[in-house]
Amino acid sequence: MGAAKVRRRYTYVVLILLVISLGLSSRHFAGYLPPWNKLYLGDALWALMIFFMSGFLFRTKTTRWIAMLALLFSFSIEFSQLYQAGWINAIRATRLGGLILGYGFLWSDLLCYTVGIALGVIIEQISPVNKMLFKD
């Protein structure tokens with residue numbers, strides 16, 4: 001995972017928008033995709049988006065640091081779903097609130113988040129992609 005380089009923010013904006021598009025498409029076209037898609041793909045893509053957002057915000061941190069931050073954030077959101085007060089459920093009832101906060105705790109989501117963030121780590125480590133993501 002090596003020393004920190006400086007991430008190119010515009011590239012991360014493109015990646016974030018691409019992952020958001022893929023995530024929303026995975027929900028919209030779920031009927032045309034394999035059944036596991038509805039259960040797992042959106043959560044993995046959500047975590048990948050959090051990884052890229054973390055890289056955008058903390059552009060000089062190491063990939064390992066970004067991955068740990070994204071995991072901590074993603075897991076915190078999932079565990080927050082154990083809290084079911086009226087005010088937070090009202091936020092979750094909105095489309096945006098539901099997309100960000102989720103609805104109910106699932107152990108499988110933690111695995112999906114780990115897979116999504118691992119994919120982000122792999123993407124940052126691929127040599128040709130690495131040259132597009134980081135400044136020299």
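For the reader, a short list of remarks on this structure follows.
- Selection among LEU119, ALA44, ALA85 by position relative to the dipole of the chain gives LEU119 as farthest towards the positive end (Cβ unit charges, Cα centre).
- Low-density loop positions, chymotrypsin sites (Phe, Trp or Tyr not before Pro), segment 1-98 - DSSP coil, at most 14 other Cβ in 10 Å: PHE29, PHE58, TYR83
- Among GLY116, GLY23, GLY97, the largest mean-square fluctuation in a Gaussian network model of the chain (Cα springs under 10 Å) belongs to GLY97.
- Most fluctuating residue given options ILE77, ILE117, ILE91, as computed from a GNM of the chain linking Cα atoms under 10 Å: ILE91
- Shown here for segment 103-136: chymotrypsin sites (Phe, Trp or Tyr not before Pro) in loop regions (DSSP other than H, G, I, E, B) with at most 15 other Cβ atoms within 10 Å, namely TYR103, PHE105.
- Rounded to the nearest 20 debye, the dipole magnitude of the chain is 480 debye, with +1 charges on Lys and Arg beta carbons, -1 on Asp and Glu beta carbons, and the Cα centre as origin.
- Selected from LEU106, LEU119, LEU96 as most flexible by GNM, with the chain as the system and alpha-carbon contacts under 10 Å: LEU96
FYI, it's all coordinate maths here, none of it is from the lab. If you're wondering where the values come from, they're calculated on a predicted model, not measured in any experiment. Quick reminder, even Gly has a Cβ in these numbers, built from the backbone with ideal geometry, and neighbours come from all protein chains shown.
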